């Protein structure tokens, strides 16, 4: 596994499908806002002896504020490998 | 970091007469400001030769009623995609967008009436809703070696919304 893929919104319906698609040959870091259980479950499903994935919560589940998107970027620090 | 996919997004169905500044800002933040900040970080952190794909929406071009803010945000995302493609091309990084039509997700089911969903399914040539895997396949296509010459494109993934 030579590289990482960051999927912003990986807990949603389309995002989760993208994560599944990419996980065969990349380490997947998926971020989520509203779909905590789905995201954590997905990361667990995608992690096997030959591939890895992790879910990162990017902001609190309350309504977004104008500054909230900045918090999403905290996920990047998890993607330096 | 080689690959970044931006799938975050969300919408509501406000009438023009019911728009508020706070509501507009919230939806613009979620769909456009986030995308622009992700593009900024991608420009800083994605390795040369990397791939960036953003999820737009058919709303950007078909102008569905009661989606003025969402449509505007996604149109802005598409414009930003093209600008980013130009800026990052010298490093061999491609930036593209996928424009799905109505896709059968839990969020769509939760926010949209059954009658409206049926109408959405009938609106495309394939006569059905897209599936998340339909869209993921198009995203994955942009990550293949064969797509290395594609950048700044917005590809419809709508089942033929003609």
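The values are calculated or read from the model by the stated rules, or taken from the named source; none is laboratory data. What you see is a predicted model, and the numbers here were worked out from it, not measured in a lab. Ideal geometry is used to build each Cβ from the backbone, glycine not excepted, and the neighbour counts take in all protein chains shown.
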Inset, instruction - Scan the range B:24-44 and give yes if some residue there is more than 9 Å from chain A (Cβ to nearest Cβ) and modelled with pLDDT of 95 or more, otherwise no. - result: no
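When the range B:1-23 is examined, which residues are found to be touching a residue at least 24 places away in the same chain (Cβ under 8 Å) and either more than 9 Å from chain A (Cβ to nearest Cβ) or in a helix (DSSP H, G or I) (or both)? Break it down into steps so the answer makes sense when it comes.
First, the residues of the range B:1-23 that are touching a residue at least 24 places away in the same chain (Cβ under 8 Å): B:1-16, B:19, B:23.
If the condition is that a residue be touching a residue at least 24 places away in the same chain (Cβ under 8 Å) and either more than 9 Å from chain A (Cβ to nearest Cβ) or in a helix (DSSP H, G or I) (or both), then B:11, B:12, B:13, B:14, B:15, B:16, B:19, B:23 are the ones that fit.
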Legend entry - Given (1) more than 9 Å from every other protein chain (Cβ to nearest Cβ); (2) at pLDDT below 85; (3) not in a loop (DSSP other than H, G, I, E, B), index of the condition residue A:44 fails: (2)
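Could you check the range B:124-152 and list, in sequence order, the residues that are away from chain A (no Cβ under 13 Å), outside any helix (DSSP H, G or I) and surrounded by fewer than 18 Cβ atoms within 10 Å (Cβ to Cβ)? Before the answer, list the steps.
Residues of the range B:124-152 that are away from chain A (no Cβ under 13 Å), as a first pass: B:124-128, B:146-152.
Pick out the ones that are also outside any helix (DSSP H, G or I) and you get B:124-128, B:148-152.
Result: B:125, B:126, B:127, B:128, B:148, B:149, B:150, B:152.
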Inset, instruction - Determine whether the range A:11-18 contains at least one residue that is part of a loop (DSSP other than H, G, I, E, B), facing another protein chain (nearest Cβ under 8 Å) and surrounded by 22 or more Cβ atoms within 10 Å (Cβ to Cβ). - result: yes
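It is to be established whether one or more residues within the range B:46-56 are assigned to a loop (DSSP other than H, G, I, E, B), within 20 Å of residue B:136 (Cα to Cα) and at pLDDT 95 or above.
Let us first name the residues in the range B:46-56 that are assigned to a loop (DSSP other than H, G, I, E, B), namely B:46-50, B:56.
If we keep only those that are within 20 Å of residue B:136 (Cα to Cα) too, we end up with B:50, B:56.
Restricting the remaining residues to those that are at pLDDT 95 or above gives B:50, B:56.
There is at least one residue in the range B:46-56 that is assigned to a loop (DSSP other than H, G, I, E, B), within 20 Å of residue B:136 (Cα to Cα) and at pLDDT 95 or above.
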Inset, instruction - Take the range B:72-112 and flag every residue that is away from chain A (no Cβ under 14 Å), out of contact with any strand residue (DSSP E or B) (no Cβ under 7 Å at 6 or more places or on another chain) and either touching a residue at least 60 places away in the same chain (Cβ under 8 Å) or not in a helix (DSSP H, G or I) (or both). - result: B:82, B:86, B:89, B:92
Inset, instruction - Would you be able to say whether some residue in the range B:59-69 is part of a loop (DSSP other than H, G, I, E, B), crowded, with 24+ Cβ neighbours inside 10 Å and either on the phi > 0 side of the Ramachandran plot or in contact (Cβ under 8 Å) with a residue 60 or more places away in the chain (or both)? - result: no
Inset, instruction - Scan the range A:14-41 for residues that are under 15 Å from residue B:133 (Cα atoms) and in contact with a strand residue (DSSP E or B) (Cβ under 7 Å, 6 or more places away or on another chain) and jot them down. - result: A:14, A:15, A:18, A:19, A:22, A:23
Inset, instruction - Return a yes/no flag: does the range B:15-28 have any residue that is surrounded by 15 or more Cβ atoms within 10 Å (Cβ to Cβ) and within 24 Å of residue A:18 (Cα to Cα). - result: yes
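For the range A:1-10, which residues satisfy the criterion of being facing another protein chain (nearest Cβ under 7 Å) and on the phi < 0 side of the Ramachandran plot? Give the steps one after another, and end with the answer.
Residues of the range A:1-10 that are facing another protein chain (nearest Cβ under 7 Å), as a first pass: A:3-10.
Matches in the range A:1-10: A:3, A:4, A:5, A:6, A:7, A:8, A:10.
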Legend entry - Single condition residue B:61 does not satisfy, out of (1) within 12 Å of chain A (Cβ to nearest Cβ); (2) under 12 Å from the mean Cα position of the chain (by Cα): (1)
